[in-house]
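These notes concern the structure reproduced below.
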Amino acid sequence: MAALIKNDSRMNRMGDGGSLPNRSVMCIWHLATDDSIVHVEADGYFDNFADVLEIGEPIMASMAVGSDPVLKFYIVATNDGQAVTISAAE
């Protein structure tokens, strides 16, 4: 799958995934952005990706790539088709 670019953030899908409810393999997403952690964790940041993100999928986020890079992991907590929320992976 080609990278998805929305709002200057690049999302790459790793893995084939599957269709709910019988999915046996989940996708792993990689976000590469110059945005800060505060920006990425803000409400609405992932809403533009609501059409592809599924609840429970992990996101590996490389943030502040152009300045002081940070790597952090998240999980898609909710997605109603328009609004996506994430939570920090533990």
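Throughout, read-outs are computed from the coordinates displayed, never taken from laboratory work. Only a predicted model underlies this, so the values are computations on that prediction, with no experimental measurement involved. FYI the Cβ positions are ideal-geometry reconstructions off the backbone, even for glycines, and counts take in every protein chain you see.
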Percent relative contact order for the stretch 26-88, counting Cα pairs under 8 Å at least six residues apart, stands at 36
Counting other C-beta atoms within 10 Å, which of VAL84, VAL40 has the fewest, and how do the rest follow? VAL40, VAL84
Could you tally the net charge around ASP68, taking each other residue with its Cβ under 15 Å from the Cβ of ASP68, Lys/Arg +1 and Asp/Glu -1? -1
Tell me, LEU53, LEU71 in order of fewest to most beta-carbon neighbours within 10 Å? LEU71, LEU53
